[in-house]
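Accompanying notes for the structure given below.
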Amino acid sequence: MKKGKLVALFLVVLFFGIWSLASAADVIKLKSANYLPQPHKMSLLGQRFCDEVNKRLAGKVEITYFPGGTLLSPDKMYTGVTQGITDMGLSHIAYTRGRFPVMEVFEMPLGFPSGYVASMVANDFYNKFKPAEWKDVQVLYLTMSGPLVIQTVNKPVKTLEDLKGLKIRATGAVADQVKALGASPIPLGMPDVYESLRRQVIDGTMLDLSVLRQWKFAEVEKFVTANWQLGTGYTFYFVMNKNKWDSLPPDAQKVFTEVGQEILAANAVQWNELDIDSADYFKSMGGQILQLSDAEVTKWKAAAEPVIANFKKEMAAKGHSAATVDSWISYIKERIDYWHKQEQQKKIPSPF
């Protein structure tokens, strides 16, 4: 009798052990990579995405988060996603110039007034035109920084002429704009910029205001030139491996899409908040924000205009007519106007 009870107990334990293993095997385990430092607020949003999906799909999906470049560097992110090194990844298109030729239109001086507006326009553009360059991934969302502005260590830049001879960190198509403005573009990855500024290997950067606090550049840069009227930004992407996406059940895809849109909305507002907060922090550190006169703004815009003409030539070589590029730019400007009005109606604070 005692022996029979032991056998029965053993069978029960064995059954539940096998059931537990089977249940564990059914959980879809995914990796998400982000190159930004873990404390960076965009990196925290990446954590929030993973946590929210894990919560809503508990027992079905489990995402492990790898921030701070611990899994992939920003220039290797897209390839890493397509090759399955990570299932999802965040980076921006300027790290792999030429890989996203159509989306590089967002690195043109098109007049984005804020990160909120730019982020919403970027997603509208993707959803309307669906560029083929994204065919190997599932785009969960795109997001854009606030307007890129000149930031310098020692020399205040008050006029276009002041830029001549300066070495300014810039990547992707933004480097063309820096060159058109008269400076020398230096392509550095973000993790290398602080030390290059501190040692004065470079004279400054052309980046959004958020880096002053989030990357601590306010410790080494003393001047910001508010050339925001050019309205150029960096386009970030958060994407998933296409095969992995296709393998997800429809209910899981629905959750990923919903959470992606929620994080996009939060990220868009956060760009504005980051820029405002970082500008205040910069000034508290003794930094100066220099405003351009209307005449200077006109000069800067005229100097940057050839960048758009060159972009059209590059697109022509890739099979996109000038008329097609004009239609992209026309659509972008229409959406800038729409989302700028939405920003004002929603009373979302803007840095400029």
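Miscellaneous remarks
- The range 202-352, relative contact order in percent, only Cα pairs under 8 angstrom and at least six apart counted: 37
- Cα gyration tensor shape for the range 200-264, rounded if a/c is under 1.5, else prolate or oblate: prolate
- Couplings 3J(HN,Hα) of the range 276-284, computed from phi: 5, 4, 5, 5, 5, 4, 4, 5, 5 Hz, in residue order, whole Hz [Karplus 6.51 cos²θ - 1.76 cosθ + 1.60, θ = phi - 60°; x for Gly and Pro].
- Taken about its Cα centre, the range 29-178 carries a charge dipole of roughly 240 debye when the Cβ of each Lys and Arg holds +1 and the Cβ of each Asp and Glu holds -1.
- Rounded to whole Hz, the Karplus (6.51, -1.76, 1.60) HN-Hα couplings of the range 138-146, x for glycine and proline: 9, 7, 7, 5, 10, 8, 10, 5, x
- Net charge contributed by nearby residues that have their C-beta within less than 14 Å of residue 147 (K/R +1, D/E -1): -3
- Magnitude of the charge dipole, the chain, Cβ model with Lys/Arg +1 and Asp/Glu -1, debye to 20: 940
- The range 117-161 has equivalent-ellipsoid semi-axes of 34, 11, 10 Å, by the square roots of 5 times the alpha carbon gyration tensor eigenvalues, sorted largest first.
- Built amide H within the under 5 Å cut-off of residue 31, gap 5+: 64, 87, 88
- In terms of distances greater than 23 angstrom between alpha carbons, the cross-link table entries 155/179; 41/341; 164/301; 29/128; 60/254; 155/283 yield 41/341; 29/128.
- Selection from 108, 278, 181, by position along the positive dipole direction of the chain (Cβ): 278
- When trypsin sites (Lys or Arg not before Pro) are flagged only if DSSP places them in a loop and at most 16 other Cβ atoms lie within 10 Å, the longest unflagged stretch of the chain comes out as 217-317.
- Only beta bridges with both residues in the chain are counted; by DSSP, about 55 percent of them are antiparallel.
- 10 Å-binned pair-distance histogram of the chain (Cα, whole percent): 5, 23, 31, 22, 9, 4, 3, 2, 1, 0
Read-outs throughout are calculated quantities, based only on the coordinates presented, and are distinct from any laboratory measurement. Everything numeric in this text was worked out from a predicted model, so none of it was measured. No Cβ is skipped: glycine too gets one built from the backbone with ideal geometry, and neighbour counts run over all protein chains shown.
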